[in-house]
Amino acid sequence: MTTQDVAKKWHQMCQEGKNMDCVNELYAENVVSQEMPNAPNPLVKGKQNVWNKGKQWYDSVEEYHSGEVSEPLVAGNHFTSKMTMDVTFKNHGRMQMEEVAVYKVENGKIVSEQFFYDMD
C-alpha cells in the first residue's frame, strides 16, 4: 500500500471507531509512538506495546461524548491529521482534547506516530 492508501484506510477505520484494529492491521512490528515529553509513556516501541498503550487509554475513559478526525494530509511518506475528543475519564473528569498526529509509512505500514497537543 502507498502512503495515501494507508492514510485513507487509517482515516476510515478511525471514523468507524476501529482504532485498535488499526494498530493490528496498519502498524509495523517495530512501530514507535511518541507523546509529548511530560505525558505518561512519552515513548513506546513495538506494535504490541503501542496496542497496550491504546487499550490503557481507552480503559481509562468513562464516557466518550464526541470526537472528530480530519481528512489526512499526505506528504511523501508522512501523513497528518487533527483529532478532537470530548471524553470523561474515570479519574480525571471531563476533558476536551485537541491534537495533531503525524505518521510515517514505510513498506505499506505505519512505522512511527507522534502526537502534538497542549499539556495544560
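Readers should treat all values here as calculations from the given coordinates under stated rules, not as data from a laboratory. Since the model is a prediction, treat every value here as computed from it, not as a measurement. Note that each Cβ is placed from the backbone with ideal geometry, even for glycine, and that neighbours are counted across all protein chains shown.
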Relative contact order %, the chain, counting alpha carbon pairs below 8 Å whose residues are six or more apart: 28 percent
Candidates 109, 47, 18: whichever shows maximal mean-square fluctuation once the chain is modelled as a Gaussian network with Cα springs under 10 Å: 18
Over the chain: helical MRE at 222 nm, DSSP H runs n ≥ 4 each giving -39500 (n - 2.57), nearest 500: -8500 deg cm²/dmol
In nm, spacing of pseudo-spin labels at residue 39 and residue 1 (7 Å Cα→C-beta vector): 2.1 nm
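By counting other Cβ atoms within 10 Å of each Cβ, how are 33, 81 ranked from fewest to most?
Listed from fewest to most nearby Cβ atoms, that is 81, 33.
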The chain: Cα Rg divided by the 2.2 N^0.38 Å rule of thumb: 1.02
Estimated distance in nm for a label pair at residue 29 and residue 82, the labels positioned 7 Å out from Cα along Cα-to-Cβ: 3.8 nm
In the chain, lysine pairs with alpha-carbon atoms under 14 angstrom apart (chain gap of 8 or more, or interchain): 9
